[in-house]
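The values are calculated or read from the model by the stated rules, or taken from the named source; none is laboratory data. On a predicted model such as this, the values are computed, not experimentally measured, just so you know. Glycine gets a Cβ as well: all are built from the backbone with ideal geometry, and neighbour counts include every protein chain shown.
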Amino acid sequence: MYRAKKLVLAHFWVAFVAFFAAILLGEWQMFVRSPLSPWINNPEHYYRSVTAHGTVMGYVLPTLVAMGFGYAISELALKRPLTGMRWAWGGFWLVIVGTVMAALTTAAGKSSVLYTFYPPMIGSTFYYLGVVLVVVGSWVWVALMSLNLYWWRKENPGATVPLAMYGNVAGAYLWAWTSVGAASEILLLILPASTGLTDTINVGLARVLFSWTLHAIVYFWLMPAYIAFYTIFPRAIGGRLYSDTMGRVAFALFLVFSMPIGIHHLFADPQVGAGFKFVHAAMTAMVSVPTFLTVFTIVASAEVVGRLRGGTGPLGWVMALPWRNPWMLAVTLAFIMLGFGGAGGIINMSYQLNESIHNTQWVTGHFHLIFAGAIVIMYFMVAYELWPTLCGCAPLSPCLIKAQLWSWFTGMMILTLPWHLVGLLGAPRRMAYYDYTHPALHPQAITVTMSAFGGLILVISAALFLYTLATARRQATPPPVFQFSVAVHPGARAPAALNGLGLWVGMMIALTVVNYGYPIVQLALTPESTVPIIPIGAR
């Protein structure tokens, strides 16, 4: 890496320290909701905690990880110094200032509006300005990734864009477009209400604009994880990537299918027509295509390694895999959690089945398995893999890494599976406390207690993760040059459509307009969707 080591480390350290603070808040929330704790005196404290936890986990952590990893990819994959270093630091500080603004107003009880900040609840202006600064800081990263790829193309006319950079820029463009929804909601609707310019707000329009961001943001979260699947995992276990082209197809399809699906979160909203709910439900199913492609390609890449290590027969290669390698363990655990979470998502995307689990703990279990499980465990591995290059240290202890991975997986399964069960029993999410002595709720007491213990294991695992990074020691000899995975057939030229992103970005924008244009215009012209605001700080 040339110039960006300190920049990448700054992004990672802030992301992971904030992540640990949010983990502590999450465990406290589960404790006070469980039979282990008496009812809290002020439930407002619970909602402050939920807002802070969700804001850090949903916006701050993945944004900083994507930015830091993106800057590293730009230098390591393109093999040229990062262009725009001062701008990159400027974007980083915008994210920091925005995070502090949002955190302080939340801690003061002025913005307990939760991660989704749905109106008519309106928090402090400074909370929303903080979120805007985080987004603007990330847009600096988007611009720099595009600019660095542009300069590399000028220096290497006709060359195939490295797969890691292709996925990196795809994730940047996806984030730039999906963040427009929440940014528009804040700038056009919420800020005028929070500053007192209006005392009403169009809640239907606000929720549709947020749905623009609400689900597509998940695929922005997972882009670093998928980049690691394709460009680090095969090399880390001693093999090669089964198909470079398949990786490009997956990244391109995420651009196309990620956007027009958010209204499936609004199945219970009467303002949105059933026709668009059906369309978004159908499009949601299409997101499984790049995921299935990825699972196939990564398993095939593992099979290549197993065969090279002497595995024979239909499944003999599985036993021959390097199971003691932390990467082998991490990807296996990630796929297990992705499978459980994806199966639950089939229920969420179904208009009929969703009615039975809407706004229950089932939903919380689903997205924790996807994000906190499958995605975050790969964030850990990205940090572990880059740390010798960033810090000049020896490779981190495989024993510590495997202990941390197993504890994270164990805690996540103990946390989320009971949530799915109590969700089926009707337990609502985002409630500060329950009366478990009531006959109807008493059967849920043991499962909620199990989740609290699962959260405690996650706290220990997160602490072990930070300990492993913080105790890495420098070594006198420089670490080997970082290499991304090589395809089984290296040097093959990528098809023109898969060596650029223009076609896919155009399709992404077009599908968004088709799937969101009419509901947005309709609700903007529907006065019945406008209601008085509820100022949170005034309660």
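Of the residues 405, 415, 386, only one is crowded, with 20+ Cβ neighbours inside 10 Å, in contact with a His (Cβ under 9 Å, 6 or more places away or on another chain) and either among the β-branched types (Val, Ile, Thr) or on the phi < 0 side of the Ramachandran plot (or both); which?
Values: 405 fails: in contact with a His (Cβ under 9 Å, 6 or more places away or on another chain); 386 fails: in contact with a His (Cβ under 9 Å, 6 or more places away or on another chain).
Only one candidate qualifies: 415.
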Sole miss for residue 314 among (1) surrounded by fewer than 19 Cβ atoms within 10 Å (Cβ to Cβ); (2) more than 26 Å from residue 398 (Cβ to Cβ); (3) under 30 Å from the mean Cα position of the chain (by Cα) is condition (3)
Of the candidates 487, 462, the one satisfying the condition of being closer than 30 Å to residue 392 by Cα and in contact with a strand residue (DSSP E or B) (Cβ under 7 Å, 6 or more places away or on another chain) is 487
Any hit, segment 106-115, residues being in contact (Cβ under 8 Å) with a residue 24 or more places away in the chain, surrounded by 24 or more Cβ atoms within 10 Å (Cβ to Cβ), assigned to a helix (DSSP H, G or I) and in contact with a helix residue (DSSP H, G or I) (Cβ under 9 Å, 6 or more places away or on another chain): yes
Inside segment 505-539, the number of residues satisfying the requirement of being part of a helix (DSSP H, G or I), surrounded by fewer than 16 Cβ atoms within 10 Å (Cβ to Cβ) and at pLDDT below 90 is 3
From the option list 3, 33, single residue qualifying as surrounded by fewer than 19 Cβ atoms within 10 Å (Cβ to Cβ), modelled with pLDDT under 90 and on the phi < 0 side of the Ramachandran plot is 3
Note: among 191, 209, just one is in a helix (DSSP H, G or I) and surrounded by 23 or more Cβ atoms within 10 Å (Cβ to Cβ), namely 209
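For segment 460-486, enumerate the residues that are of a type in the set (A, V, I, L, M), over 13 Å from residue 16 (Cα atoms) and more than 23 Å from the chain's Cα centre (by Cα). Spell out how you get there, then give the answer.
Step one: list which residues in segment 460-486 are of a type in the set (A, V, I, L, M), which gives 460, 462-464, 466, 469-470, 472, 476, 481, 486.
Imposing the further condition that a residue be over 13 Å from residue 16 (Cα atoms) reduces the set to 460, 472, 476, 481, 486.
If the condition is that a residue be of a type in the set (A, V, I, L, M), over 13 Å from residue 16 (Cα atoms) and more than 23 Å from the chain's Cα centre (by Cα), then 472, 476, 481, 486 are the ones that fit.
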Of the candidates 447, 477, 437, the one satisfying the condition of being buried (at least 17 other Cβ atoms within 10 Å of the Cβ), of a type in the set (Val, Ile, Thr) and either modelled with pLDDT under 95 or on the phi > 0 side of the Ramachandran plot (or both) is 447
Given (1) touching a helix residue (DSSP H, G or I) at 6+ places or on another chain (Cβ under 7 Å); (2) surrounded by fewer than 21 Cβ atoms within 10 Å (Cβ to Cβ); (3) closer than 27 Å to residue 380 by Cβ; (4) not basic (Lys, Arg), residue 82 misses just (2)
Counting only residues in segment 463-504 that are in a loop (DSSP other than H, G, I, E, B) and touching a Cys at 6+ places or on another chain (Cβ under 7 Å), the one farthest from residue 9 (Cα to Cα) is identified as 475
Selection over segment 396-433 where residues are more than 29 Å from residue 472 (Cβ to Cβ) and charged (D, E, K, R) yields a count of 2
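Looking at the structure I just gave you, is residue 295 of a type outside the set (Phe, Trp, Tyr) and buried (at least 20 other Cβ atoms within 10 Å of the Cβ)? Show your work before the answer.
Values: of a type outside the set (Phe, Trp, Tyr): yes; buried (at least 20 other Cβ atoms within 10 Å of the Cβ): no.
Answer is no for this residue.
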Here, helices (runs of 4 or more DSSP H) confined to segment 253-331 with at least 1 residues that are among the hydroxyl-bearing types (Ser, Thr, Tyr) and more than 30 Å from residue 350 (Cβ to Cβ) are 288-308
The lone condition residue 159 fails out of (1) in contact (Cβ under 8 Å) with a residue 12 or more places away in the chain; (2) surrounded by fewer than 20 Cβ atoms within 10 Å (Cβ to Cβ); (3) more than 17 Å from the chain's Cα centre (by Cα) is (1)
In segment 426-433, is there at least one residue being touching a helix residue (DSSP H, G or I) at 6+ places or on another chain (Cβ under 7 Å), surrounded by 20 or more Cβ atoms within 10 Å (Cβ to Cβ) and at pLDDT below 90? yes
State whether the residues of segment 215-232 include one that is farther than 30 Å from residue 126 by Cβ and not in a helix (DSSP H, G or I).
-> yes
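For segment 355-364, indicate whether the set of residues that are more than 30 Å from residue 288 (Cβ to Cβ) and over 21 Å from the mean Cα position of the chain (by Cα) is non-empty.
Here is the first cut: in segment 355-364, the residues more than 30 Å from residue 288 (Cβ to Cβ) are none.
Within segment 355-364 (the criterion being more than 30 Å from residue 288 (Cβ to Cβ) and over 21 Å from the mean Cα position of the chain (by Cα)), the answer is no, since none of the residues qualifies.
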